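Everything below concerns the one structure shown next.
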Amino acid sequence: MKKVVLLAGILMALPLLAQNPPPQNPPDQKPPAQNPPAQTPPAQEPGESSSSQPAPTQNPPEQNPPAQNPPAQTPRAQAQPQLEKPKLEAPGDAPAEAPAPTAKKDIPTVKPVKKPAEGEGKVVEEIVARVNNEIITKSELDKARSSSADDARQQCADRCTPEQLQVAIEDGQKFALRDLIDQSLLSQRGKDMDINVEPQVVKQLDEIRQQNKLKDMDDLEKAVTAQGINWDDFKSNIKNHILTQEVIRREVGSHINITHEEEMKYYQDHLKDFVRPEEVALSSIEIKTEGKKESEIPELKAKAENLRKRVDNGEDFGELAKRFSDGATAQQGGYLGQYKRGELSKELEDLVFKMKKNDMTQVIETKQGFLILKVLEHSDEGQQSFDKVENEIQDRLYSEKMQPALREYLKTLREQSYVVIKPAYQEMSGGGNSEIQEVNSTPEVAKEKKGHKKYLLFGKST
């Protein structure tokens, strides 16, 4: 079966920092306090008779006031993939094919539990943390730690020294449990707020289907399953990612205000940052003809010309690129990057450096197919004016304010939630209200049946 190119951002550890200033949002909603959930022992394993294994009696844990936690740290932000700028050759040249992004399989799976020998106690999978009514298992933590290492390698590709890469891997693994807890808190908060993200989930799935040139959702499900990923888990990961981002946007981002005075002050304080050579930022729509029959070429050219006409009629270039472009950066709206003089082929450089912001080329025929370029920005050489860099300044200020605001918000969520951590994992969790205590069933139950279960009980205060 054809290998699917899945979105790298979806199945990785979920990014929790919004990248752009948010639009106007609903009024602030204060996170509700949550009472500790009722404690219920794990369900019996298949094959055990309910009459032969009475549930151990448990006294309600005595809840002490939550210990003062250290300030919650910002969840490890999943950096946006750094797009390697595609090398735009002359229309007649054949550039090297850009490698398709590799999908990450980041669906937590439970490791098989070894069957105990006769007379040994049966042990459920190790639970390392409980967040209200949700649990985090050792296998989920192991999966998150592995993914964090993969993320660090991807983000540091050709940009970090071996020492810097090692530090990035160690940091990601150190805070893996903290990030899982924060993601769980944000997801639960989204459900408490009755946020419906189903339309966005459907849209996201359809974009993945279109990117991989699949006929329908059934084909997408088959392709995902063929890679060893559970389809329901795949959809759930997408949903949780969108949900947590929406919670952050409403609960944190909507309260971040950036004034014009702040923007001007930042510009004046960082004038040197905005001295630049002449450069253009480009996006593309590519319709490839490689491997096509000669009789199909006119139809593909007509497709490219129709897409350009749709942009002229008001449709968004980036959205059309996501849906129809065959380029390697289609899912980034066709964004190619910023180019200085000398970084493009002579023919393309002469063409695009004469264009202004938002100008678009005609359909360009190359050996690989048909190309449409759009100039997103054209910066003159020298000191850039405030108007040219205002959006960039807004993004920088927003990011600076978002990080401490999000840390404070996550701290509040933890204080108002029931978070318990197994002692061995306290250091990497970012703090909790109490610890998980691992105990055996009562002696009376153990006498009645040798192969009793070992339960992981929550809530014993420290």
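The values are calculated or read from the model by the stated rules, or taken from the named source; none is laboratory data. Quantities reported herein were computed from a predicted structural model and do not represent experimental measurements. Glycine gets a Cβ as well: all are built from the backbone with ideal geometry, and neighbour counts include every protein chain shown.
See the values below:
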| read-out | value |
| --- | --- |
| Of the criteria (1) outside any helix (DSSP H, G or I); (2) of a type in the set (Asp, Glu); (3) under 25 Å from Ala321 (Cβ atoms), which one Asp206 fails | (1) |
| Any hit, segment 266-288, residues being surrounded by 15 or more Cβ atoms within 10 Å (Cβ to Cβ), basic (Lys, Arg) and modelled with pLDDT of 95 or more | no |
| Answer residue from segment 173-200, given it is surrounded by 18 or more Cβ atoms within 10 Å (Cβ to Cβ) and farther than 21 Å from Asn133 by Cβ and is modelled with the lowest pLDDT among those | Gln173 |
| Where Asn358 falls short, out of the listed (1) over 18 Å from Lys213 (Cα atoms); (2) in contact with a strand residue (DSSP E or B) (Cβ under 6 Å, 6 or more places away or on another chain) | (2) |
| Helices (runs of 4 or more DSSP H) wholly inside segment 209-316 that include at least 2 residues being under 26 Å from the mean Cα position of the chain (by Cα) | 217-226, 231-251 |
| Every residue from segment 375-400 that is of a type in the set (Gly, Ala, Ser) and either in a helix (DSSP H, G or I) or in contact with a Gly (Cβ under 9 Å, 6 or more places away or on another chain) (or both) | Ser399 |
